[in-house]
Each structure stands twice: as structure tokens, then as C-alpha cells.
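Engineer: This is the structure I have questions about; it appears just below.
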């Protein structure tokens, strides 16, 4: 597989308005061929979805997912442009999948823009101290920190997580594919996840792992 550079990703993103991860994947799938990558994004509906990003999505639904007799519960709000489209069966199924994914993957925020600055500062400090304790040279600390922060986003931001039912796609990719399929902007706005006994000292139980087992 051809090595994809940041410059290639940037150029494709500027051409199509698609997300960084989508552009990188398109280039990987087409071995770095820019024209083929544009076509790949269009075929997947991602490039056209990017053009709809500026629209206002004020309708939609709030849906829930309850797992294992009420031990994990999720409420999620997903917006779309019209009330008519909000009744679309594919859209409803998408929302339900997102709620189920949140139950299993336990993200903390929707997007990286939602991560509080103090949480980022704290994470950077932890990464820096860990690297220093491991004897890493000062001159490469910034590179280590940025790489670890990228991983932090991927683990904790819903849109950057790999979909639990198909790890070849991120939640952001699914959102764009749904936008393309319906023809209206789809946006995951917010969610709340509850886990029974969370914060209370108790026997260790991995409910998220149970969710994962049930959906595969």
C-alpha cells in the first residue's frame, strides 16, 4: 500500500470538503491517486455529504438504548433538517445504532471540539510526565504528546471512534453516509450515558464488554 502524506490528505480535503480520516482512507483505497480518491469519496456519498455540512439541522429524534435489564442506558439526540426525514426508517435505525454504540464504546464527548481545555491540558501533562519518566528525550516530547492526544481523541470522541459493528468505518463516516443517503444534513448533537452503580465502589463488572458481545 502506498504511503499517504499529510499534504495529499490536505489537498483532497480542500477539493472535496471531506473529513481528514475519510480523505486518508480514500487515498489508501486508491493507492494515492488523487482523481480516483475524489471519485471514491463521491461513490461513497461522502463528498456530497460534506457540501451539506453548512445546512441547519433542527429536527430529528431523541432515542434510547437500554442494555442488560437496565444496567446501561443511553439517551442520544440526532438532528436532521426536516420532520419528514426524521420519520425515515433508515434514519431511525441509524440513531438506534448510534445509541447502541455509545453504550458499548462509552465515549465522553461527541467531537474533539467538545473536549474541555482543562481536560486536554491534564491529558498532555500526564503524557509528558510519563514520557519523561520513561527517559524519552526532551526534543521529541511534543511529537509524543501530539500522537498520544490523537489517540485520546479517537478513544473518547464519538465521531472519531470506530463503529462497534464495523470497525472499517468511524461514526463520522456513518453520519456522512446517512447524510448522503437521505439528502439532508444529519448531525449527532448530544448524548448521555448511564451505567448502574457508576462511581460507587463495587465488584468490577464490564457492562460495555457485554454489549459488545451481544451485537457481534
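Just so you know, all these numbers are worked out from the coordinates, no wet-lab data involved. Keep in mind that what you see is a predicted model, and the values were worked out from it rather than measured. Here the Cβ is made from the backbone with ideal geometry for all residues, glycine too, and neighbour counts use every protein chain on show.
Engineer: For the residues 40, 109, what sequence is obtained by ranking on other C-beta atoms within 10 Å, fewest first?
Structural biologist: 109, 40
Engineer: Then there is this: Going by how many other beta carbons lie within 10 Å of each one, how would you line up 81, 43, fewest first?
Structural biologist: So the residues, fewest neighbours to most, are 43, 81.
Engineer: Continuing with this model, one more query. P(r) for segment 76-187: what percent of alpha-carbon pairs falls in each 5 Å bin, starting at zero?
Structural biologist: 2, 11, 19, 17, 14, 12, 9, 6, 5, 3, 1, 0
Engineer: Still on this model: Rounded to whole Å and sorted largest first, what semi-axes of the equivalent ellipsoid does the C-alpha gyration tensor of segment 6-51 yield via the square root of 5 times each eigenvalue?
Structural biologist: On the way: eigenvalues 38, 26, 13 Å².
So the three semi-axes of segment 6-51 are 14, 11, 8 Å.
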